[in-house]
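Below: one structure, written as C-alpha cells.
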Amino acid sequence: MPRANKQQKCSVCQGAKVLPNPNAPSGYAQCPICGGTGIADPNVDPKPRFYNFTPGGAQGTTFALAANAVNIQEQFTVGDYDFWAIYILATSNGVPLSNAAAGLFSVTIIDQSTRNWSDNPILSVLTAGYGERPFPLPAPFKVPGQGIQKAVFNELSGSTNTIQFALFGYEMLPVTAPVPNPGV
Ligand SMILES: [Zn+2]
C-alpha cells in the first residue's frame, strides 16, 4: 500500500488509520472517516459536529417526555453537506443513562429511507453512551446533506424525563480554496 504523503493524510486520524476508542479492547478502532486507509478523500475536509434530536428540529439542548409518553418524534436537519455519525450519546435528567437518577426510555431511530434501526423500540441503556464512553458505530452512518434524521421515543420511568439524545460525527465539508486574509 502506498504511504500517505502530507497532502493525502486523513485529517481525522492524521494518517494513523485508527482513532482512540475507549470501548475497544485495544483502546483503538479503525478510523471510520478514511475507512482505515489513513488517506484522505482529496475533495472533502471533515470537521467535528454534534447534532441533537429536538421537537421539530428546533433550537434546543434537551426535550422533555411526559411520564409514560409514547411515540414522541424528535429530529434534526443536517447542514448542506453530508454528516457521518460515529457516536451515539444521551443523557436523562442531566446524567448518564447508567446513573440511578436517569429515567428509562426507549427509542427507535429512523433513517432517511424510513427504514428503522430496530423492529421494536430499544431500551435507552442499550442505545447510547455518554461523553467518556459513547456508543460507537464501527462504520459511520451517513445522513445526506439537508437530510432529516428522526427518532421516536417512549417514556418508561413513569416520571417526566428530560433527555438529550445526540449523534457525534463529522461534517464532510468540501475542500475550498484558502480564504485571503482580510488584513483586519
Ligand atoms: Zn482516518
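State the dimensionless ratio Rg/Rh of the stretch 1-153 (Rg: radius of gyration of Cα atoms; Rh: Kirkwood radius). Result for the stretch 1-153 is an Rg/Rh of 1.01.
Using only helices, what value at 222 nm comes out for the chain when you add -39,500 (n - 2.57) per DSSP H run of length 4 or more and divide by the total residues, to the nearest 500 deg cm²/dmol?
When only DSSP H runs of four or more count, the value is -500 deg cm²/dmol.
By per-residue mean of other Cβ atoms within 10 Å, what is the highest-first order of 113-122, 41-50, 165-174, 26-35? Don't skip to the answer; put the middle values down first.
Numbers: 113-122: 11.2, 41-50: 14.2, 165-174: 20.1, 26-35: 17.2.
The peptides rank, most packed first, as 165-174, 26-35, 41-50, 113-122.
For the stretch 12-28, 3J(HN,Hα) computed residue by residue from phi via the Karplus equation (6.51, -1.76, 1.60; θ = phi - 60°) reads 8, 9, 6, x, 6, 6, 10, 10, x, 8, x, 7, 7, x, 7, x, 9 Hz, glycine and proline entered as x. Here residue 150 is the anchor, and the aspartates and glutamates within straight C-alpha reach of less than 20 Å, apart from those fewer than 8 places off in the same chain, are 74, 80, 82, 111, 119, 171.
Bear in mind that the values in this text are calculations on the coordinates, not laboratory data. Keep in mind the model is a prediction, meaning the values are calculated, not measured. When we count neighbours, we look across all protein chains shown, and the Cβ atoms used for this are built from the backbone with ideal geometry, even at glycine.
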